[in-house]
1. Looking at this structure, is Ala51 away from the ligand (no atom under 12 Å from the Cβ) and either modelled with pLDDT of 95 or more or surrounded by 24 or more Cβ atoms within 10 Å (Cβ to Cβ) (or both)?
2. Tell me whether the range 167-174 contains one or more residues that are in contact (Cβ under 8 Å) with a residue 12 or more places away in the chain and part of a helix (DSSP H, G or I).
3. Output the residues belonging to the range 101-138 that are part of a strand (DSSP E or B), within 12 Å of the ligand (Cβ to nearest atom) and of a type in the set (Lys, Arg).
4. Considering only the range 58-100, how many residues are within 13 Å of the ligand (Cβ to nearest atom), surrounded by 22 or more Cβ atoms within 10 Å (Cβ to Cβ) and within 21 Å of Gly16 (Cα to Cα)?
5. State whether the residues of the range 74-96 include one that is touching a residue at least 60 places away in the same chain (Cβ under 8 Å) and within 23 Å of Ala317 (Cβ to Cβ).
6. Take the range 189-205 and flag every residue that is of a type in the set (Gly, Ala, Ser) and within 24 Å of the chain's Cα centre (by Cα).
7. Here are some residues: Asp218, Asp169. Which one is of a type in the set (D, E, K, R), more than 15 Å from the ligand (Cβ to nearest atom) and surrounded by 15 or more Cβ atoms within 10 Å (Cβ to Cβ)?
8. Return the residues of the range 302-329 that are within 29 Å of Leu181 (Cβ to Cβ) and either more than 14 Å from the ligand (Cβ to nearest atom) or without any contact (Cβ under 8 Å) to a residue 24 or more places away in the chain (or both); say none if nothing qualifies.
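The values are calculated or read from the model by the stated rules, or taken from the named source; none is laboratory data. Worth saying up front: this structure is predicted, and the values here are computed from it rather than measured. For neighbour counting, all protein chains shown are included, and Cβ atoms are generated from backbone atoms with ideal geometry for every residue, glycine included.
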Amino acid sequence: MPAAQTALVIGGGIAGPVAATALGMAGIDAAVYEARPADPASANGIGGSLAIEPNGLAALGIVGAEDAVRAAASPITHSMMSIASKPGRELPGRNEFPPRLLIDRGVLHRTLRDRAEQTGVRIHDGKKLIRVDEHPEGVTAHFTDGTSASADVLIGADGVHSIVRRLIDPNAPSARYLNLLGFEGLVDDAPDTADLVPGTMTFAFGKRAYYLYWKRPDGRIGWGANLPSPQYMSLKEARAVPAEEWLHTLRTTYANDVPGARLAAETTAETLQAVGALHIMPPVPHWHRGRMVLVGDAVHAPSNSTGQGASLAMESAIQLARCLRDLPDVSSAFDGYERLRRTRVEKIAARGARISHAKAPGPIAQRFMRVLLPLMVKASNAKTMAAEKGYTIDWETPLTEDTKTLA
Ligand SMILES: Cc1cc2nc3c(=O)[nH]c(=O)nc-3n(C[C@H](O)[C@H](O)[C@H](O)COP(=O)(O)OP(=O)(O)OC[C@H]3O[C@@H](n4cnc5c(N)ncnc54)[C@H](O)[C@@H]3O)c2cc1C
């Protein structure tokens with residue numbers, strides 16, 4: 001019998017629906033509570049694209065979402081790096097692994113939610129968690145609309161600004177803002193990108209800021225800007241600024257970069273999307289307390305430089321369900337889950353934090369750039385790649401409290 005019979009999953013982004021589906025497979029009745037109102041047309045208004053690594057895709061295979069995600073995504077077959085507008089150099093070492101997949105975030109959300117609902121998970125939108133009452137036998141979650149729900153355990157899949165993290169430990173660290181705001185645009189191909197084959201993604205370190213661009217299957221160029229901004233802005237605040245103002249700033253920032261200047265110049269107000277401030281989560285001392293536990297960005301958001309945030313969130317969601325399925329009680333299941341996950345996610349976060357330094361603007365970053373290439377190459381070397389991208393979960397094999405299976 002699983003360690004819990006019922007679960008409340010707070011957050012319907014990526015970790016939430018995957019956790020709920022896996023919990024259902026583990027024999028635990030799970031329901032998802034998402035703060036945003038239902039908005040299927042735009043995935044709750046989030047927007048932008050997201051890369052899923054082979055380890056994330058393997059995790060999705062376990063919950064039966066791999067084929068649907070693969071069908072909606074496009075493969076990134078070549079990864080290049082370019083510094084100061086020099087021609088991109090191919091990053092080595094990816095060939096043994098299947099390509100990462102690029103997918104519209106909204107489509108990914110819809111696909112994961114659809115999969116969860118197909119397996120019997122109930123998803124409630126417009127349910128923002130504000131408070132939790134803890135009882136010896138379970139938890140009751142209270143939402144801003146005045147409703148509440150009870151279950152044996154509560155899973156905080158509520159992202160970098162997690163309220164569940166704070167409920168578990170009022171002194172928990174907050175997510176650290178990286179002084180970068182994300183934007184995405186779409187332009188036509190032109191001579192400065194014409195040589196790239198579709199499926200090529202270039203990580204470009206421009207004169208004043210980092211950006212990345214990729215050739216889509218239709219030949220058009222998608223691009224993402226990491227705009228330096230000491231002032232933090234929520235997604236809502238960034239979207240309240242007229243797109244023309246952002247375009248002006250982006251055009252100034254990338255004015256001396258090839259092809260950055262053109263990407264910014266040709267992006268229109270209609271195609272520009274603000275996609276949110278970039279954060280990392282410092283190590284979280286307490287992943288769980290009592291009947292509450294954290295998963296995904298709420299407990300381990302690595303820098304977006306790793307390209308692993310979503311994939312790690314999916315892995316953790318499944319490992320948590322596996323621990324609740326196999327270990328004898330809630331406390332040992334949460335302990336086992338943390339033991340299975342903490343080392344891996346903190347190692348990947350540490351690598352991402354080093355690379356993130358090099359994305360900051362200014363002369364210090366210029367110095368970092370000189371160390372950047374070896375770091376990126378190191379990240380691409382076979383051993384690091386195998387550890388990060390070759391990770392798979394043996395869902396069928398039962399876990400025991402034996403430290404060997406949980407290390
Ligand atoms: C610009 C940008 C680009 C990125 N690119 C990539 C990439 O290419 N590859 C990659 O792997 N990762 C990328 N990431 C990181 C990735 O988005 C996260 O790692 C991933 O979304 C984590 O999933 P999650 O479900 O834990 O959190 P989220 O996706 O943030 O979902 C949390 C959910 O919880 C809900 N919620 C919050 N508070 C409450 C509450 N009180 N009550 C109820 N619900 C609540 C939110 O509305 C949200 O739907 C990127 C991030 C950014 C910002």
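1. no
2. yes
3. Matches in the range 101-138: Arg131 only.
4. Result for the range 58-100: 3.
5. No, the range 74-96 contains no residue that is touching a residue at least 60 places away in the same chain (Cβ under 8 Å) and within 23 Å of Ala317 (Cβ to Cβ).
6. Of everything in the range 189-205, those that are of a type in the set (Gly, Ala, Ser) and within 24 Å of the chain's Cα centre (by Cα) turn out to be Gly199, Ala204.
7. Asp169 is the lone residue from the list that is of a type in the set (D, E, K, R), more than 15 Å from the ligand (Cβ to nearest atom) and surrounded by 15 or more Cβ atoms within 10 Å (Cβ to Cβ).
8. Residue satisfying the conditions is Gly309 alone.
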